[in-house]
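Following: one structure in structure tokens, then a few remarks.
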Amino acid sequence: MSQSESNKAWQARREAAVVNGVGTLLPVFIDRAKNAELWDVEGNRYIDFASGIAVLNTGHNHPKVVAAVREQLEKFSHTCFQVTPYPGYIELAEKLNALVPGPTPKRTLFLSTGAEAVENAIKIARAHTGRSGTIAFKGGFHGRTMMGMALTGKVVPYKTGFGPFPGEVYHLPFPSDYLGVSEADALAALDLCFSSDIEPARVAAIILEPVQGEGGFYPASPSFMQSLRTLCDQHGIVLICDEIQSGFCRTGKTFSTEYSGIEPDIMTLAKSLAGGFPLSAVVGKAAIMNAAKPGGLGGTYAGSPIACAAALAVLEVIDEEQLNQQALTQGEQIKARLHQLAERFDCIGDIRGPGAMVAMELVKGRNASQPDPDLTKRLVAEAGKRGLVLLSCGVRANVIRFLAPLTASSALIEEGLSLLEQALTAASQG
């Protein structure tokens, strides 16, 4: 390896070429990847507990996904669906319409990013209801576009310096027993919002993540989701479930909404939909989805034929490799080891999350009211030094989230957890 090919050299070039606003968690530059392992330009190996922020439930370069992309690339890479459509878009839409929860006939729109999916879900809800207001939740994350930021319930780092944001967006507390917010508190806040901020007849949509992602992996209970479903039905409000991070088997169900037994009006999907290729979707009840007039929805790259081919392969992998069961098994393995660590380390305040969407909340002396973001930051850094890629998150910046590919072997997960233990020992001493 020449000096010009080192991580340090690439970091210097990055700082000279890339804007400061794009943060980087770990200053190593990846040369190749396979399943749940990465190798940087210096040949160092890393176990990937991040999956590109929940994008690679099927792992890096799954052979079936690679083959599907190669086959499509040899045919054509782009035509724009709004100009000359292609079968892959239709076939994938049909499969998603059948896959999402609920018996109501569905329709699908494809886009490129999660933020685009959220933006278009709000557009569709407004077109259907003729209303303008939207209710979201504190701690929720819905993207970095203007409407995405308006809906996101966390200021730093996502909203700082970028306002003003689109109006008529109202935030409610998200129920979390660990943070002292009950379901009754959240529902009371909704009633207060209806009486003090906006009447229900002006609310187009309520949007939430069934399991908050960036907010800290706090899951909404089935009873809370059912209460929202009832309220939305009562007032003619569109219920949008943002499954961008929690979807495609991460929680042990194909979609985490399935745990609640409700049928959303609209779902937003992205991340692991296409195995690493940029693709997002808005899937919802046909009567709602068809409210927008022709030409009102779409995008030049929306529903890329290459990404659609990848997504069709991902759906095959989900069935063939039983990824929902893999998620449950992997989640049990991770949680069991974390509970063992919690007996040694009093900084571990809570371990939670359905399936393999697992979080570990770090506090001081097991005191839930004393978050430890400094320890969290040190732990991510110490893990990186040892060859483990970890992600932090949380409204208090003190949560470690586990997002390993669901295709990772139990031996590799165990190796990663051993590296985590070493890193936590070092970070605690620091």
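The values are calculated or read from the model by the stated rules, or taken from the named source; none is laboratory data. Keep in mind it's a predicted model, so treat the numbers as computed, not measured. A quick note on method: Cβ atoms are made from the backbone with ideal geometry, for glycine too, and the neighbour counts reach across all protein chains shown. With ligands, DNA and RNA removed, areas are computed over all heavy atoms of the protein, side chains included. Shrake-Rupley method; radii C 1.70, N 1.55, O 1.52, S 1.80 Å.
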Right, Leu99: open to solvent by less than 50 Å² (accessible area, probe 1.4 Å), of a type in the set (A, V, I, L, M, F, W, C) and at pLDDT 95 or above or not? no
Within region 212-237, residues acidic (Asp, Glu) and surrounded by fewer than 21 Cβ atoms within 10 Å (Cβ to Cβ) come out as Asp233
Does Ser112 meet the test of being over 30 Å from Ala189 (Cβ atoms), surrounded by fewer than 24 Cβ atoms within 10 Å (Cβ to Cβ) and small (Gly, Ala, Ser)? yes
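Sort out which residues of region 154-168 are modelled with pLDDT of 95 or more and either buried (at least 22 other Cβ atoms within 10 Å of the Cβ) or under 18 Å from the mean Cα position of the chain (by Cα) (or both), and write them in order of number. Steps first, answer last, please.
Taking region 154-168 first, the residues modelled with pLDDT of 95 or more are 168.
Across region 154-168, there are no qualifying residues.
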If you go through region 280-287 one residue at a time, do you hit one that is buried (at least 22 other Cβ atoms within 10 Å of the Cβ), among the β-branched types (Val, Ile, Thr) and over 30 Å from Thr129 (Cβ atoms)? no
If Ala411 meets every condition in (1) within 21 Å of Ala33 (Cβ to Cβ); (2) in contact (Cβ under 8 Å) with a residue 12 or more places away in the chain; (3) among the hydrophobic types (A, V, I, L, M, F, W, C) apart from one, which number is that one? (2)
The condition of being open to solvent by less than 10 Å² (accessible area, probe 1.4 Å), over 24 Å from Leu391 (Cβ atoms), within 21 Å of the chain's Cα centre (by Cα) and of a type outside the set (S, T, N, Q) holds, among Ala205, Ala136, Ala186, only for Ala205
Pairs needed: first member in region 137-160, over 25 Å from Leu228 (Cα atoms); second member anywhere, among the polar types (S, T, N, Q) and not in a loop (DSSP other than H, G, I, E, B); C-beta distance under 6 Å; at least 6 residues apart or different chains. none
Of the conditions (1) open to solvent by 10 Å² or more (accessible area, probe 1.4 Å); (2) in contact with a Leu (Cβ under 9 Å, 6 or more places away or on another chain); (3) under 18 Å from Ala121 (Cβ atoms); (4) not hydroxyl-bearing (Ser, Thr, Tyr), Ile240 fails just one. Which one is it? (1)
Test each condition in (1) open to solvent by less than 50 Å² (accessible area, probe 1.4 Å); (2) over 19 Å from Lys123 (Cβ atoms); (3) at pLDDT 95 or above; (4) among the charged types (D, E, K, R) for Asp265 and report the one that comes out false. (2)
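Taking region 120-133 only, how many residues are part of a helix (DSSP H, G or I), open to solvent by less than 50 Å² (accessible area, probe 1.4 Å) and not hydrophobic (A, V, I, L, M, F, W, C)?
Taking region 120-133 as the starting set, the residues that turn out to be part of a helix (DSSP H, G or I) are 120-129.
Those left that are additionally open to solvent by less than 50 Å² (accessible area, probe 1.4 Å): 120-122, 124-125, 129.
Within this subset, residues satisfying the condition of being not hydrophobic (A, V, I, L, M, F, W, C) are 120, 129.
Count: 2.
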Restricting attention to region 1-37, which residues are modelled with pLDDT of 95 or more and closer than 25 Å to Glu414 by Cβ? Val28, Ile30, Arg32, Ala33, Lys34, Asn35, Ala36, Glu37
Residues located in region 85-96, provided they are assigned to a loop (DSSP other than H, G, I, E, B) and surrounded by fewer than 17 Cβ atoms within 10 Å (Cβ to Cβ): Pro85
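Taking strands (runs of 3 or more DSSP E) that do not extend beyond region 316-430, which have at least 2 residues that are closer than 24 Å to Asp177 by Cα, open to solvent by less than 40 Å² (accessible area, probe 1.4 Å) and hydrophobic (A, V, I, L, M, F, W, C)? Explain how you work it out, then say what you get.
Numbers: elements: 348-352, 358-364, 367-371, 391-393, 399-402.
The qualifying strands (runs of 3 or more DSSP E) are 348-352, 358-364, 391-393, 399-402.
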Of the conditions (1) touching a Leu at 6+ places or on another chain (Cβ under 9 Å); (2) open to solvent by less than 30 Å² (accessible area, probe 1.4 Å), the single one that His171 does not satisfy is (2)
